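Only one structure is covered here, and it is reproduced in the block below.
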Amino acid sequence: MSSNSTMNAGTESETTLQECAAPAPTVLPQIQAPLRVAPSDARELSKQFLLRLQELDEGTPEYQYARNTLIEMNLSLVRYVARRFSSRKDSMEDVLQVGTIGLIKAIDRYDPSRDVEFTTLAVPYIQGEIKRFFRDTTWSVRVPRRLQELRIDLARAREELESEGSHEPSVADLAARLELAEDEVAEGLVASNGYDSDSIDRPVQAGGGKQQTTGLVADLIGTEDPALTLAEDIQALKPHLAELDDRERTLLQLRFGEEMTQSEIGAELGLSQMHVSRLLTRVCTTLRRGLLAGT
């Protein structure tokens, strides 16, 4: 009996020692205003929150608190990276939102065991998301990614050649610099025209030393004229009309030229209305077959 008691006491003692040896879970500080935390403080606090985030189960209130606080404390990183793109025409609010997506991805994929500073991972993620946003939205005409990247290479090669004294590099010059085929360079130059577009309400400036507005771009854009189709049909119909006899041409002239009714045509030619109807149907069918045979 005393032996069992001794064994139980020894087991309980070992268990107590193991519990004492196990590290206590990190207790996160309650930050009331994460957006107001200074960047230097956010850097140190982020280490604690990232370590604790690895220990928590997704969906728990503490996990959500740690993750949301990390996002808000590190929004200064997003603003820092976004300032590099302030010269772009896009709304800065859109850029910040896209950069925040990169920050969230960095938080979710950070591994504290690698002993890498969080900012070292977060900045490339934020920058990558913003660059992807510009790549996908700034082109006025959608072109393949290969041509989007070629446009950047062509612009860089053009700058280099112009700095070396080449006033206007040719396709051959650009192809030689990039070690590409001339056809590929020409395709890239054509695709580059789709990067930006002008409004059709943009005024057109006349040439010369003193520029004058001569109209709008919209005034130079042609529109489809329905009369052109009618003119084409008339020209195609002429040889078939020539094959008709005089009475058939007279019927067509009275019906479609002078817009007389079948009864009026019958009174004019001394025919019944039914007979005029049959003659017109036969003539129109003949002309239709001739037109369709020629198409």
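The values are calculated or read from the model by the stated rules, or taken from the named source; none is laboratory data. Please read all numbers here as calculations on a predicted model, not as lab measurements. So basically every Cβ, Gly included, is an ideal-geometry build from the backbone, and we count neighbours across all protein chains shown. For the accessible areas, the whole protein counts, side chains as well, though only heavy atoms, and no ligand, DNA or RNA atoms are used. Shrake-Rupley method; radii C 1.70, N 1.55, O 1.52, S 1.80 Å.
Computed from label points 7 Å out along Cα-Cβ, the spacing between L237 and R156 is 6.3 nm.
Counting only residues at least eight positions apart within a chain, or on another chain, the aspartates and glutamates with an alpha carbon under 19 Å from that of K131 are D90, E93, D94, E149, D153, D196. Here is the list for the range 219-254: GluC sites (Glu not before Pro) lying in DSSP coil, each with at most 16 other C-beta atoms within 10 angstrom of its C-beta, are E224, E243.
Under 5 Å between amide hydrogens, built in the peptide plane, is the criterion, and for L216 it picks out V204 among residues at least 5 positions away or on other chains. Computed with every protein chain present, the accessible area of I101 is close to 80 Å² [probe 1.4 Å]. Over all pairs of different C-alpha atoms, the range 54-136 has a mean inverse distance whose reciprocal, the Kirkwood radius, equals 13.4 Å.
For the range 62-193, the Cβ-based charge dipole about the Cα centre amounts to some 580 debye (Lys, Arg positive; Asp, Glu negative; other atoms uncharged). Applying the Karplus relation 6.51 cos²θ - 1.76 cosθ + 1.60 with θ = phi - 60° to the range 111-122 yields 3J(HN,Hα) values of 10, x, 5, 7, 6, 10, 4, 4, 5, 4, 8, 5 Hz, where x marks Gly and Pro.
Residues L228, L150, ordered by accessible area of protein heavy atoms at a 1.4 angstrom probe radius and largest first, appear as L228, L150.
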